[in-house]
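Bear in mind that the values in this text are calculations on the coordinates, not laboratory data. Keep in mind it's a predicted model, so treat the numbers as computed, not measured. Quick reminder, even Gly has a Cβ in these numbers, built from the backbone with ideal geometry, and neighbours come from all protein chains shown.
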Amino acid sequence: MKVKIVGTCAIAAAAVAWSSLAAGGAKMKITSSAFQEGGNIPSKLTCDGANVNPPLHFDQVPVGAKSLALIVDDPDAPGGVFVHWLVWNIDPKTSDIAENSVPPNAVQGRNGFGKIGYGGPCPPSGTHRYYFRVYALDVAQVQGGSTRADFDRAMQGHIIGQGQLMGRYSKK
């Protein structure tokens, strides 16, 4: 029972964090040439394949942005929201992140697998949703630890724009 409550609390906390983060700021656009909004993420980009990040493209970065940050997570994970990638201190002039790459000088945080960097979709069962969220920040560098909680705290009050892309995956 306790695990279910913790999972439910984690999902609720993530939903509150996203809604409060998304409450203000300009609307940005994030797309991928690998999959469409709401579409299936190719196996190559998951634990069933090469486990590399998809190519991503950012549009409509607001004037005044001093850095970008990226969060990839799975709200459908059994234990609550599962982090697949945290990247921050991305130059706001960055419009593309190539497949299997990290922008120069960007910092990566710890994912839910306990590793630094990208950990692709790997649902234990069923189809899960994976959200790729980009944030434009009014600070050049986000300071803090490498966990999602640290990341969220460091961004609070600094978001001037955001966008999201959602893809789905079912483990083979």
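Using only the alpha-carbon atoms of the stretch 2-170, report the extent along each of the three principal axes, biggest first, to the nearest angstrom.
In descending order, the Cα extents are 42, 35, 26 Å.
Provide, as a two-decimal number, the C-alpha radius of gyration of the stretch 93-172 over 2.2 N^0.38 Å, N being how many residues it has.
Normalised Rg, Cα atoms only: 1.22.
Using bins 5 angstrom wide from zero, how does P(r) for the stretch 61-125 break down, in % of all Cα pairs?
4, 17, 25, 20, 15, 11, 6, 2, 0
Return the inverse of the average 1/r over all pairs of distinct C-alpha atoms in the stretch 25-66, which is the Kirkwood hydrodynamic radius, in Å to one decimal.
By the Kirkwood definition, the hydrodynamic radius is 12.0 Å.
Summing +1 for each Lys or Arg and -1 for each Asp or Glu, what net charge is found among the other residues whose Cβ lies under 14 Å from the Cβ of Asn40?
In short, +3.
Which three numbers, in whole Å and largest first, are the semi-axes of the equivalent ellipsoid of the stretch 30-94 derived from its Cα gyration tensor as √(5λ)?
Over the Cα atoms of the stretch 30-94, the ellipsoid semi-axes are 24, 15, 11 Å.
State which entries of Lys27/Lys93; Lys44/Lys171; Lys115/Lys171; Lys29/Lys115; Lys27/Lys115 exceed 23 angstrom in Cα-Cα distance in the structure shown.
Lys29/Lys115; Lys27/Lys115
If I model a spin label at Gln156 and His57 as a point 7 Å from the Cα along the Cα→Cβ vector, what separation in nanometres do I get?
Going by the 7 Å Cα→Cβ label model, 3.6 nm.
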